[in-house]
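The values are calculated or read from the model by the stated rules, or taken from the named source; none is laboratory data. Because the structure is predicted, anything quoted here is derived from the model rather than measured. Please note: Cβ atoms are built from the backbone with ideal geometry, for glycine as well, and neighbour counts cover all protein chains shown.
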Amino acid sequence: MNQSLIKHIYFLQDKPSYILALIVPCLSPLYIEVNDYIYKIGDPNDSFYFLVKGKVKINMQLKSGKIVHLLNITEGHYFGDIDMLFEQTRTESAKTDNNCELL
């Protein structure tokens, strides 16, 4: 994997090399085009993502059916981790705001 990608992820920047040696082999580059979903409400929780390039919108559906914008994920941050800890399926959707590069 290109080490320059790792340098863009805040979570990984201060980690010792032995931690990176465990994490980096598990990461796969993923390219998602503008306005495509990375995951949708109800999808299985089988991964979380580091955003290397681009912007992602996180939305949630209220019981009334209304879609509410929760937050924007910007380059260098990660998302999708909370559902993995507490839910069996996604409780929100992640949609690209432009072309995105993820790990």
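Data table
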{"item": "Qualifying positions in segment 90-103 - of a type outside the set (Lys, Arg) and either modelled with pLDDT under 95 or outside any loop (DSSP other than H, G, I, E, B) (or both)", "result": "THR91, GLU92, SER93, ALA94, THR96, CYS100, GLU101, LEU102, LEU103"}
{"item": "Scan of segment 62-89 for residues that are over 15 Å from the mean Cα position of the chain (by Cα), part of a loop (DSSP other than H, G, I, E, B) and not polar (S, T, N, Q), ordered by number", "result": "LEU62, LYS63, GLY65, LYS66, GLU87"}
{"item": "Unmet criterion (only one of (1) at negative phi; (2) under 13 Å from the mean Cα position of the chain (by Cα); (3) without any contact (Cβ under 8 Å) to a residue 60 or more places away in the chain) for CYS100", "result": "(3)"}
{"item": "Count of residues meeting criterion [assigned to a strand (DSSP E or B) and either exposed (fewer than 14 other Cβ atoms within 10 Å of the Cβ) or not aliphatic (A, V, I, L, M) (or both)] in segment 36-59", "result": "9"}
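This table checks each residue for (1) touching a strand residue (DSSP E or B) at 6+ places or on another chain (Cβ under 8 Å); (2) over 16 Å from GLY80 (Cα atoms); (3) of a type outside the set (Phe, Trp, Tyr).
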position: LYS7; (1), (2), (3): no, yes, yes
position: ILE23; (1), (2), (3): no, yes, yes
position: LEU27; (1), (2), (3): yes, no, yes
position: ASN35; (1), (2), (3): yes, yes, yes
position: LYS40; (1), (2), (3): yes, no, yes
position: SER47; (1), (2), (3): no, no, yes
